[in-house]
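Some notes on the structure that comes next.
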Amino acid sequence: KICLEIAGTRIIVLRGALLHFRSNNVNFYTFHGDFLCRNGAYAGLLNLLASILFKRELFLEEMGKKFLGLERKAWLIMGHTHIAGLDTYRRIINCGCWKSYWRAKATGTLVHVYRGTPKLLSVSYKESKL
């Protein structure tokens, strides 16, 4: 469990939990996404195949939003597949990857939400070798 306070707002992050926040009366939900497909390599492959075969980007994120029963107007922010993307129609986002793996290169992307509008931003950073 991680607890922190930012600008007077207490945030608690639990492993495997769905985090909910509101911005300008818009609901945002965020979670890792590993319960949809436990293996990250398979999750990324599933999204890649859906993109190639069916021209359907962010497929696993879309399935996650349906599985969770989120309202259409809500946004789902997810990780796990390491494939960055934002779809304003379906209101789904994947923030990409911050560490390079054999299957995915670091994207250096983050989600910025301001007044109910999310953006996927690319930032420059030096990847640490831990």
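If you go through segment 22-34 and keep only what is outside any loop (DSSP other than H, G, I, E, B) and surrounded by 15 or more Cβ atoms within 10 Å (Cβ to Cβ), you end up with VAL26, ASN27, PHE28, TYR29, THR30, PHE31. Filtering LEU76, LEU68 for residues that are modelled with pLDDT of 95 or more and either surrounded by fewer than 20 Cβ atoms within 10 Å (Cβ to Cβ) or on the phi < 0 side of the Ramachandran plot (or both) leaves a single hit, LEU76. For segment 41-52, indicate whether the set of residues that are buried (at least 17 other Cβ atoms within 10 Å of the Cβ), of a type in the set (Ser, Thr, Tyr) and not in a loop (DSSP other than H, G, I, E, B) is non-empty. The answer is no; no qualifying residue exists.
If CYS37 passes every condition in (1) farther than 24 Å from SER23 by Cα; (2) surrounded by fewer than 18 Cβ atoms within 10 Å (Cβ to Cβ) but one, which one does it miss? The single condition CYS37 does not satisfy is (2). Keeping to segment 79-118, report how many residues are loosely packed, with under 13 Cβ neighbours inside 10 Å and either at pLDDT 95 or above or within 22 Å of PHE21 (Cα to Cα) (or both). Summing the residues that are loosely packed, with under 13 Cβ neighbours inside 10 Å and either at pLDDT 95 or above or within 22 Å of PHE21 (Cα to Cα) (or both) in segment 79-118 gives 6. Please indicate, with yes or no, whether at least one residue in segment 31-46 is of a type in the set (Gly, Ala, Ser), within 24 Å of ARG115 (Cα to Cα) and either at pLDDT below 85 or in contact with a Phe, Trp or Tyr (Cβ under 8 Å, 6 or more places away or on another chain) (or both). Taking every residue of segment 31-46 in turn, none turns out to be of a type in the set (Gly, Ala, Ser), within 24 Å of ARG115 (Cα to Cα) and either at pLDDT below 85 or in contact with a Phe, Trp or Tyr (Cβ under 8 Å, 6 or more places away or on another chain) (or both). Do you know which of the residues in segment 19-44 that are in contact (Cβ under 8 Å) with a residue 24 or more places away in the chain and aliphatic (A, V, I, L, M) is nearest to ARG90 (Cα to Cα)? Per the criteria, the residue is VAL26.
From the list GLY69, GLY40, GLY108, the one residue that fits, being small (Gly, Ala, Ser) and more than 16 Å from the chain's Cα centre (by Cα), is GLY69.
The values are calculated or read from the model by the stated rules, or taken from the named source; none is laboratory data. On a predicted model such as this, the values are computed, not experimentally measured, just so you know. Cβ coordinates were reconstructed from backbone atoms using ideal geometry, including for glycine residues, and neighbour counts include every protein chain displayed.
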